1. May I ask you to compute the full-extension gain from residue 310 to residue 182, defined as 0.36 nm times their residue separation minus their alpha-carbon distance, rounded to one decimal in nm?
2. With equal scatterers on the alpha carbons only and no solvent term, can you work out the Debye log10 of I(q)/I(0) for the chain at 0.07, 0.14, 0.15 1/Å?
3. With the crude spin-label approximation of a point 7 Å out along Cα→Cβ, what separation in nm comes out for residue 252 versus residue 238?
4. Would you mind putting 55-66, 162-173 in packing order, based on average other-beta-carbon counts within 10 Å, highest first?
5. To the nearest 10 degrees, how steep is helix 10-23 against the longest Cα principal axis of the chain, on a 0 to 90 scale?
6. Pull out a ≥ b ≥ c, the square roots of the eigenvalues of the alpha-carbon gyration tensor of the range 1-148, then state rounded if a/c is under 1.5, prolate if not and a/b is larger than b/c, and oblate in the remaining case.
7. If I model a spin label at residue 215 and residue 322 as a point 7 Å from the Cα along the Cα→Cβ vector, what separation in nanometres do I get?
8. For a protection proxy built on the mean count of beta-carbon atoms within 10 angstrom, sort 290-302, 135-147 highest first, please.
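Derivation of every value follows stated rules applied to the coordinates shown; laboratory data play no part. Keep in mind that what you see is a predicted model, and the values were worked out from it rather than measured. FYI the Cβ positions are ideal-geometry reconstructions off the backbone, even for glycines, and counts take in every protein chain you see.
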């Protein structure tokens, strides 16, 4: 088959790595990069770290409003699909690249595989929630990462096209963590040997686009009186220009994938508003604090390894310090996920 694997953002590159490695020997795969993430450390460096070949098609879209970015992606994706005539489209996750690929392919009647289907936060103020709902409902093959996702898809009438595969990030982490431990120098470069630290990421619009909310979060995290390493997303850095950052928060440039998971591996705890990083924390058995009111990865909360805290809560610091994870942990994200996905894809006519 001729396959388009459409990606555009860091979490998608991570999911693409093990799948593309398997697909390339069996099918004619075109890696299509929309350009949604274009910062070196969040795009090209991750391709290098994970051994993903250069994109066959790079649309170079860049940043823009939700509608502008998605619209430009749809126009260029449609043109590429008409030119190359793929038999199957693979989309990942819940970004604007996911939505654009889903709409463009569905209008051309090209079958779609949606990897990481069935996630719901039930918060439609999040652009990601709209992206994942639409993508699920126009896709022909839904690869669900958890049993919760399977159950959700069944309630939405999509059970007949749903496959319980597990989460492909498990395979990426398994292959990457040993490489990171051997090759990454980030701990020594940041002089963190023997140091206890928290790892922080912030990028959600409701956390970083309003100065008062961002200032509140920084103030609360400053009250931890613990070292916090903060690789700053380009979106967040723009908003920090007028903010006072507490001295215990050490801002760094965005990190490549191997350096970032090395920082995760050695951290005391992870504080984030990311979806994917909640999973990475769980897989690495790190307590996670999620600065959101809801999560798509409810299993991590139910297993008591992830604590949700409202970003506007007045007691964020004390709640973080009081959080203790259990000693045991269930395997909720599966194993040999790539193999399961490849088997289904190979059976598609």
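1. On the way: separation 128, 0.36 × 128 = 46.08 nm, distance 3.71 nm.
Contour length minus Cα-Cα distance gives 42.4 nm.
2. -0.28, -1.18, -1.36
3. 2.5 nm
4. Numbers: 55-66: 15.2, 162-173: 22.3.
Going from most to least packed, we get 162-173, 55-66.
5. So the inclination is approximately 40 degrees.
6. On the way: a/c = 1.20, a/b = 1.14, b/c = 1.05.
It comes out rounded by the Cα gyration axes.
7. According to this spin-label approximation, the distance is 2.7 nm.
8. Values: 290-302: 20.4, 135-147: 22.3.
Packing proxy ranking, top to bottom: 135-147, 290-302.
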